[in-house]
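A.B. asks: Okay, handing you the structure first.
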Amino acid sequence: MPLLAQKAIEIDSSFQRKEIIDLSDQTLFLLDSTKQKTINDIRKSQFQGFKKLPDFNHISRYKANVWLRFQLRNPSKTDTLKALFSAGSSFQTSIYVFDNQKLVSQASNDKLLPDQQRPFRFDGQYLPIIIPPKATYDFYVEITQFSLKKIRVQPTIVTYEWEAKKKESDLYDNRFAIGSNYALLGILLFLALFTFLQYLLNRQRYILYYSLYLFAMSAFVAWGFEHSSYGFFLLKYSSLLLISLRQNFYVLVTQLCYFLFIAEFLAYARTHSRIGKLSNLFLKGISFLIVLELLFTLILQRYDWEIYLSVFTQVFLSVFGALMLFYVYQIKTKLALYVKIGSTFLLLGGIFGFISSWMNWVPQSSDLLDHYPNVYFNACILLEILFFSMGLAYKATEVIHQKNDLEQAVSLSELNTLRLQINPHFLFNSLNSIKSYIIKNKTDEAADYLTDFSTLIRSILQKSKEQVVTLKEELDTILLYTKLEQLRFQKKFDFIFEISPEIDTENIMIPALLLQPYIENAIKHGLTNKKEKGTLQLIVRDLEENIEILIDDNGIGRNRAAELKSNSDGHQSMGLKINDERLKLLNKIHGWDISCQIMDKFDSKNQPVGTKVILTIPK
């Protein structure tokens with residue numbers, strides 16, 4: 001078929017007064033959805049009248065291509081025509097001029113270009129055209145559209161002055177939408193970064209999930225905003241983020257992070273098994289939909305399938321989301337109250353956002369914005385993150401109170417430990433030993449004993465004020481204590497002390513007064529009840545990342561000591577119990593991993609031959 005006849009549009013001096021010319025009546029179009037035709041094929045193809053261009057949603061291919069053809073003539077003998085061409089908002093627009101029997105590119109623009117690289121830097125919708133005096137140009141315009149919104153093409157040429165006034169008018173008309181969208185993005189990104197820093201400090205998973213939710217919500221808001229020809233943000237640096245990944249992807253990722261946060265924040269998997277099971281099923285469903293979304297868009301590039309997946313996603317999220325919210329409302333805690341209110345606002349935002357768009361209460365697009373922000377949805381999002389943030393603050397306060405309670409418990413444990421260190425029996429027996437030396441006129445021994453005793457008491461009182469001391473300080477205290485006990489029990493046991501030479505005792509910290517209860521237990525209940533002379537060993541070994549402290553005695557063993565318990569005051573068993581509780585509390589508060597093993601020793605005849613205590617302490 002021959003090409004349709006086309007009349008050149010004459011751009012005379014009246015153009016400067018009119019400022020805008022609609023080219024629709026003299027424009028032809030060609031639909032090339034496959035984008036498989038070469039430029040020469042386009043030149044030879046049959047174009048149709050522009051008014052027959054269908055208004056359609058294109059979903060069968062990755063790109064929708066529309067070609068326009070029109071002729072412009074500059075009748076002036078001296079003035080070069082400089083104007084701006086626009087066909088409306090699209091992903092990419094390229095202008096070609098038929099010159100010397102071939103199409104030559106004159107200007108091109110796409111949404112991923114920063115404004116400094118645009119042919120017309122102030123707006124991606126416009127491309128400059130230049131026609132010399134007395135020249136007639138045959139223009140071919142290629143319009144590429146990725147968006148699944150309706151393809152609207154309106155070819156016009158305008159003056160630079162008209163574009164400036166139009167832009168001023170559009171900015172004024174869209175001032176609330178642009179301002180509110182940037183404000184929402186700013187708030188979301190600030191809170192996302194703030195909560196992520198909080199996670200780095202606290203290492204709480206619910207804070208990480210909330211941070212990821214805010215980042216995902218930011219990307220969701222930015223995706224729609226950046227499809228305009230005017231707005232420019234982070235996503236426009238990447239075709240993958242802005243074009244290949246569809247809106248449904250951001251919706252799914254946002255919901256995944258949202259329900260991960262709710263599950264970890266309320267910890268309902270441990271307290272409400274039914275909600276936990278439903279939540280796990282829901283999270284698996286969202287994860288599966290994300291995999292399908294990436295498969296359809298990035299690998300197969302079947303955007304027709306992706307449309308059906310998007311519809312299913314809306315139904316799936318609505319049904320399961322409402323069901324999850326129903327079960328969350330069954331949780332009767334103050335912490336859950338913040339989640340209930342925030343989730344309700346999120347649900348209302350989705351409902352009112354959909355209804356307001358469907359009923360045309362708010363615009364869905366404008367000349368400046370392809371995806372017009374929904375005021376109802378944005379307002380509900382702000383209210384949602386407000387109540388979620390209040391919930392985080394409330395939980396942080398609870399954690400502080402719990403930590404204070406733990407520290408109080410540690411303080412009480414420290415006090416009990418101090419009382420055990422200088423228990424009345426030890427003080428009474430030590431003073432009796434000093435008295436015995438004096439009565440027997442052993443004044444030198446009495447003086448030495450009294451000096452060591454006072455040094456030990458002073459050391460214990462000083463260390464009891466601190467939670468941690470160096471290994472050297474702890475060993476000095478224990479060696480002095482053991483020396484006094486040897487004197488008090490008249491050398492009833494030998495004491496062997498060994499330490500690996502590579503251990504830096506001055507730079508390794510351990511809980512203060514940790515070893516004394518185990519040493520006292522070995523002496524009082526293991527060795528002093530033995531008929532023959534016993535042996536107590538204190539060995540400190542290096543285990544690369546840890547140190548191992550071994551307290552070994554060859555006394556009567558714990559079973560025999562338990563039989564003799566009726567003749568004792570029970571002090572030993574209570575001392576070890578309190579020390580174990582103190583270790584657990586210190587491990588929990590400081591994140592330490594100090595372990596203690598107490599083992600009974602037996603000979604070949606299965607007779608008890610002592611007790612071994614192994615303490616493992618990180619360096």
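A.B. asks: Could you list, in sequence order, all residues of region 292-321 that are β-branched (Val, Ile, Thr), open to solvent by 40 Å² or more (accessible area, probe 1.4 Å) and more than 17 Å from LEU240 (Cβ to Cβ)? Lay out the reasoning, then the answer.
C.D. replies: Here is the first cut: in region 292-321, the residues β-branched (Val, Ile, Thr) are 297, 299, 307, 311, 313, 315, 319.
Subset that is open to solvent by 40 Å² or more (accessible area, probe 1.4 Å): 299, 307, 311, 315, 319.
Correct list: ILE307, VAL311, VAL315, VAL319.
A.B. asks: Being closer than 30 Å to LYS588 by Cα, touching a residue at least 12 places away in the same chain (Cβ under 8 Å) and out of contact with any Lys or Arg (no Cβ under 9 Å at 6 or more places or on another chain) is the filter here, so list the residues in region 360-397 that pass it.
C.D. replies: PHE388, SER389, MET390, GLY391, LEU392, LYS395, listed by residue number.
A.B. asks: Within the set of pairs 6 or more residues apart or between chains, which connect a residue that is free of Cβ contacts under 8 Å to residues at least 12 places away in the same chain and closer than 13 Å to ALA336 by Cα inside region 266-277 to a residue that is open to solvent by less than 30 Å² (accessible area, probe 1.4 Å) and in a helix (DSSP H, G or I) with Cβ atoms less than 9 Å apart?
C.D. replies: Pairs found: ALA267/TYR206.
A.B. asks: May I ask you to list the residues in region 175-211 that are closer than 15 Å to LEU256 by Cβ and open to solvent by less than 70 Å² (accessible area, probe 1.4 Å)? Can you show your working first?
C.D. replies: Within region 175-211, the first condition is being closer than 15 Å to LEU256 by Cβ, and the residues that meet it are 205-206, 208-211.
Answer for region 175-211, where residues must be closer than 15 Å to LEU256 by Cβ and open to solvent by less than 70 Å² (accessible area, probe 1.4 Å): TYR206, LEU208, TYR209, TYR210, SER211.
A.B. asks: I would also like to ask the following. What are the pairs, 6+ residues apart or on separate chains, where a residue within region 580-599 that is free of Cβ contacts under 8 Å to residues at least 12 places away in the same chain has its Cβ under 7 Å from a residue that is open to solvent by less than 60 Å² (accessible area, probe 1.4 Å) and not basic (Lys, Arg)?
C.D. replies: ASN587/ILE594
A.B. asks: Looking at region 368-407 only, could you name the residues that are among the polar types (S, T, N, Q) and surrounded by 13 or more Cβ atoms within 10 Å (Cβ to Cβ)?
C.D. replies: Of everything in region 368-407, those that are among the polar types (S, T, N, Q) and surrounded by 13 or more Cβ atoms within 10 Å (Cβ to Cβ) turn out to be ASN374, ASN378, SER389.
A.B. asks: Would you be able to tell me the number of residues in region 330-359 that are over 18 Å from ASN378 (Cβ atoms) and open to solvent by less than 30 Å² (accessible area, probe 1.4 Å)? So that I can check it myself, show each step before the final result.
C.D. replies: Looking only at region 330-359, we keep the residues that are over 18 Å from ASN378 (Cβ atoms), and these are 330-340.
Then drop every residue that is not open to solvent by less than 30 Å² (accessible area, probe 1.4 Å), which leaves 331, 335-336, 339-340.
The total comes to 5.
Residue-by-condition table, conditions (1) among the acidic types (Asp, Glu); (2) in a helix (DSSP H, G or I); (3) over 25 Å from ASP580 (Cβ atoms):
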| residue | (1), (2), (3) |
| --- | --- |
| PHE453 | no, yes, yes |
| LEU456 | no, yes, no |
| ILE460 | no, yes, no |
| LYS472 | no, yes, no |
| LEU475 | no, yes, no |
| LYS483 | no, yes, yes |
| PHE497 | no, no, no |
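A.B. asks: Something else now. Here are the criteria: (1) modelled with pLDDT of 90 or more; (2) over 17 Å from TYR481 (Cβ atoms); (3) hydrophobic (A, V, I, L, M, F, W, C); (4) open to solvent by less than 40 Å² (accessible area, probe 1.4 Å). Tell me which single one VAL613 does not satisfy.
C.D. replies: It is condition (2) that VAL613 fails.
A.B. asks: Report every pair of residues separated by at least 6 positions or lying on different chains whose Cβ atoms are under 9 Å apart, first residue within region 289-303 and under 15 Å from PHE316 (Cα atoms), second of a type in the set (S, T, N, Q).
C.D. replies: LEU289/ASN248; LEU289/THR313; GLU293/ASN248; GLU293/SER310; GLU293/THR313
A.B. asks: Follow-up question, since we're still on this one. Criterion first (within 25 Å of SER365 (Cα to Cα), of a type outside the set (Phe, Trp, Tyr) and open to solvent by 20 Å² or more (accessible area, probe 1.4 Å)) does ASP115 satisfy it?
C.D. replies: Values: within 25 Å of SER365 (Cα to Cα): yes; of a type outside the set (Phe, Trp, Tyr): yes; open to solvent by 20 Å² or more (accessible area, probe 1.4 Å): yes.
For ASP115, the condition - within 25 Å of SER365 (Cα to Cα), of a type outside the set (Phe, Trp, Tyr) and open to solvent by 20 Å² or more (accessible area, probe 1.4 Å) - is met.
A.B. asks: Go through the residues of region 531-542 one by one and say whether even a single one is open to solvent by 50 Å² or more (accessible area, probe 1.4 Å), assigned to a strand (DSSP E or B), under 28 Å from GLU581 (Cα atoms) and aliphatic (A, V, I, L, M).
C.D. replies: From region 531-542, those open to solvent by 50 Å² or more (accessible area, probe 1.4 Å) are 531-533, 537, 541; that's our starting set.
If we keep only those that are assigned to a strand (DSSP E or B) too, we end up with 537, 541.
Pick out the ones that are also under 28 Å from GLU581 (Cα atoms) and you get 537, 541.
Next, from what is left, pick out any that are aliphatic (A, V, I, L, M): none.
Among the residues of region 531-542, not one is open to solvent by 50 Å² or more (accessible area, probe 1.4 Å), assigned to a strand (DSSP E or B), under 28 Å from GLU581 (Cα atoms) and aliphatic (A, V, I, L, M), which makes the answer no.
The values are calculated or read from the model by the stated rules, or taken from the named source; none is laboratory data. Quantities reported herein were computed from a predicted structural model and do not represent experimental measurements. Cβ coordinates were reconstructed from backbone atoms using ideal geometry, including for glycine residues, and neighbour counts include every protein chain displayed. In case anyone asks, the SASA skips ligands and DNA or RNA and just uses the protein heavy atoms, side chains included. Shrake-Rupley method; radii C 1.70, N 1.55, O 1.52, S 1.80 Å.
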